[in-house]
Every structure is written in C-alpha cells, then in structure tokens.
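Structure, as structure tokens:
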Amino acid sequence: MRKIWQLALAAAMSVTLVACGGAGASSGDQGATQQQEDQQPSSVEIKQSPDKYTWYLKQYVGMNAASVGYESMDGFRRDAYGAGALKIVFVADDGTYIDPGNEEQLKNYVVTGQSLDPNTEIKYTFEVDSNGEEYDSLVNSQSIDEVVLAVNKVGEDSSGSAKLTSINPSPDKYTHYVRDYVGRNLAECGYYSLSGNLTDAYGHGYIFFDIVADDGSYIDPEDTAQLAEYMVAEQSVAPNTEITFTYTTDSEGNEYSNLVSQQSLKSMTLRVTKAPSPEYPVGEDSASEGAN
C-alpha cells in the first residue's frame, strides 16, 4: 500500500501545491461513451489557456499509457495543467491492476477512452495571503480533480474497453460529486490513510471506503498487493451524487480556505470481486524484486 509517509507528504503538498469507471446512470455518460466508440481517434485541437484560472483537457485517446503524465511523489499518476495537476486513473476492461508507477507495464497499454471529453474546461481558484493578495502558483480548488482513462493492450481490439462515466465538474470548493468506482481495480480507488482506512480525496475532504468481498474475505486496506487482486463490482452511492462541504471559521468568523468542518457524505461501501492476477509484482513484492 502507498506508505503513510507518502500520504502525509501528499496532504502537505495539497495545501501548498494543489489545494472506477462503471456504467453509472449519469447525464454525462454520452461524451465518455462516444470517445470509446471512436476506434481511430481523430486529432483534436485543444484550446489554449487564456489565463492561469482556465485550462482545457487534453485528448488522451491513442496515447501510449507510459506517455501520459508522470508518477508523482504521492505514488499516483498525474498530469500537469498550469499550476495544478489532474490525477490519472487507468482502468483495464477486465479489472487488471495497472500500476501507475510501472513504466514497463504502462508501455504495454494504449488509451482507448477517457471519462471527460477533450477540451473539457478545468477551472482553478488560488490561495491568498493575509492581505488578500492572490498567489500565482498555489491552487486552492479545481473543478476537476481526476480523469479516468480506459486502456487496452497495445495491438488488441479496443471494442471491449471499459465503459466510463463522466463525473460532473465541481462548481466550487463547497460541492463535489461521487466518482464511479465500478470496474476499477481496488488498488486504484484511493490511498491508505492515517485513520487506517482505504480513502479517496474530494477537494479538501475525503471519503472512507467500507470494503466487502463477495466471498467474505478480509481485505487489508494497507496491503496494495491484496487490493490489486480485486476489482469493484458495486458501490453503495451512485456516481454523480452531490457531496457538500462547509469550512471551519476563525474567531472572527473568517472561513479557512482548506479546513473542512462538515460534509454531507463521509463513507460508502465498495463491493468487490476477484480481478485477474497482477501482471507484475505489486507493493512490497515489487520493492523486493527491485532490490534483487
């Protein structure tokens, strides 16, 4: 599992740097489905960013997975957009774990679908100092936190690509929408938090997962290798369900920019089933192999 110290680092970075795809019933599904139906993706001209607040999503379809973004210090795959970055989640049609940090594995896959259309607008707000002056590079909130990419083996027919759900952009830091985890490998559904749970970040807040295996097995949320053996079959809260946040205030009633006091949803259940065996060693097994 991604180590707690990596989580702590990521949490610190979120304040200073930047603050599973099933067939859910969503009005945004049409765009994502269309992307997957295009067997030979045409070139799309991506709009130029007019300012530091507005960016536009790239076309990822047709790219080799190893060419998408970079492995960040928190262990996730990310792609930079201006002063911020989007988390990249790879989803194979059979739920195989795609290790975001394993370049050799990624080279074997090509992107065949994306959960949000190219040129989808990404909006940022920025932190301000004690005088109300805005920082140039410290993002406080962003309308899109992640994009899910369906992948297939290079050279294979992409007609069976994972079906993806378009998740509504966040209009502000007070509102986010539940992601679609169905079809994702469980190891790509979040991180192991200091609370001892599998957790996924939503803006300045987070959601805890209760994991239920179809065979009743105990799944250790800290064991990445075990998580990689499962894929999500069902989630208890529908994709695009609204989550609202309120923020803590100081003694003068001024709102802190990133300290959540309440949120409308704190946890959800993921029902999981066995996925294909990982193609490469995962977690501690991977580290041990690298040392030999």
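The values are calculated or read from the model by the stated rules, or taken from the named source; none is laboratory data. Given the structure is predicted, the values throughout are model-derived calculations rather than measurements. Glycine also receives a Cβ, built like all others from the backbone with ideal geometry; neighbour counts cover every protein chain displayed. Each accessible area value is taken on the protein alone, full model and side chains, heavy atoms only, with ligands, DNA and RNA left out. Shrake-Rupley method; radii C 1.70, N 1.55, O 1.52, S 1.80 Å.
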Under 18 Å from K52, Cα to Cα: aspartates and glutamates that are on another chain or at least 8 residues apart: D79, E121, E127, D129, E133, E134, D136, D145, D172
For region 92-233, compute Rh as the Kirkwood radius over C-alpha pairs and then the Stokes-Einstein diffusion coefficient at 10 °C and 1.306 mPa s; write the answer in µm²/s, rounded to an integer. 92 µm²/s
Within region 121-219, report the GluC sites (Glu not before Pro) that DSSP leaves as loop and that have at most 15 other Cβ atoms within 10 Å. E133, E156
If you roll a 1.4 Å probe over the heavy atoms of the protein chains, what accessible area per residue do you get for region 52-120, in Å²? 31 Å²
Under 14 Å from K266, Cα to Cα: aspartates and glutamates that are on another chain or at least 8 residues apart: D200, D210, E242
Longer than 31 Å from Cα to Cα, which of K87/K153; K47/K107; K47/K87; K123/K153 are they? Say none if no pair is. K123/K153
